[in-house]
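The values are calculated or read from the model by the stated rules, or taken from the named source; none is laboratory data. Predicted, not measured: the structure shown is a model, and the values here were computed from it. Here the Cβ positions follow ideal geometry from the backbone for every residue, glycine too, while neighbour counts run over all protein chains shown.
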């Protein structure tokens with residue numbers, strides 16, 4: 001039996017992958033960055049979530065937006081690949097020496113509470129404790145965390161980010 005899962009990505013995954021390009025003096029175009037993000041993260045996660053739900057496997061989809069001064073790789077790096085791990089462990093101050101803002105500390109607590117709820121009850125903990133619905137293309141089920149650094153979760157329709165995706169859900 002396949003276990004419940006949370007699929008997540010950051011809002012600007014490409015920020016991390018641009019580091020080696022920027023070091024060589026190459027700056028990707030907006031289209032290249034958008035295509036990379038859609039293909040490697042947004043569409044892939046939506047497909048995986050939808051396929052699991054179609055096969056009665058609980059699945060949640062999360063997108064992290066936090067962009068704090070104590071987690072940036074470079075100006076404009078935004079919510080790059082892996083930066084959300086700082087929030088799960090509350091370790092950005094340990095890494096950078098810069099203290100967490102009050103809002104950042106609240107978002108850390110929210111994300112840790114969500115992970116705890118999922119670990120305690122992977123089938124329904126996120127719904128029961130956090131009021132986060134399982135992934136569903138036709139309702140507000142994409143969980144946004146840290147939009148404009150707000151220490152809250154917002155629910156939106158997945159198509160707000162995956163409308164350009166073209167995928168087929170596999171059942172069976």
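Can you give me the number of residues within the stretch 41-92 that are out of contact with any strand residue (DSSP E or B) (no Cβ under 9 Å at 6 or more places or on another chain) and in a loop (DSSP other than H, G, I, E, B)?
Matching residues across the stretch 41-92 total 15.
Of 154, 159, which residue is without any contact (Cβ under 8 Å) to a residue 12 or more places away in the chain and closer than 17 Å to residue 9 by Cβ?
154
What number goes with the only condition from (1) buried (at least 20 other Cβ atoms within 10 Å of the Cβ); (2) over 23 Å from residue 46 (Cβ atoms); (3) modelled with pLDDT of 95 or more that residue 86 does not pass?
Of the numbered conditions (1) buried (at least 20 other Cβ atoms within 10 Å of the Cβ); (2) over 23 Å from residue 46 (Cβ atoms); (3) modelled with pLDDT of 95 or more, the odd one out for residue 86 is (3).
What are the residue pairs meeting all of these: first residue in the stretch 22-38, first residue at negative phi and at pLDDT 85 or above, second residue surrounded by 14 or more Cβ atoms within 10 Å (Cβ to Cβ) and not in a helix (DSSP H, G or I), Cβ atoms under 6 Å, and 6 or more apart or on different chains?
Hits for this filter: 37/13.
Taking the stretch 139-149 only, how many residues are in a loop (DSSP other than H, G, I, E, B) and either at pLDDT below 95 or in contact with a helix residue (DSSP H, G or I) (Cβ under 7 Å, 6 or more places away or on another chain) (or both)? I'd like the intermediate steps shown before the answer.
Let us first name the residues in the stretch 139-149 that are in a loop (DSSP other than H, G, I, E, B), namely 139-141, 146.
Next, only the ones that are either at pLDDT below 95 or in contact with a helix residue (DSSP H, G or I) (Cβ under 7 Å, 6 or more places away or on another chain) (or both) stay: 146.
Residues in the stretch 139-149 being in a loop (DSSP other than H, G, I, E, B) and either at pLDDT below 95 or in contact with a helix residue (DSSP H, G or I) (Cβ under 7 Å, 6 or more places away or on another chain) (or both): 1 in total.
When residue 168 is evaluated against the numbered criteria (1) more than 18 Å from residue 5 (Cα to Cα); (2) loosely packed, with under 14 Cβ neighbours inside 10 Å; (3) modelled with pLDDT of 95 or more, which criterion, by number, is the only one it fails?
(3)
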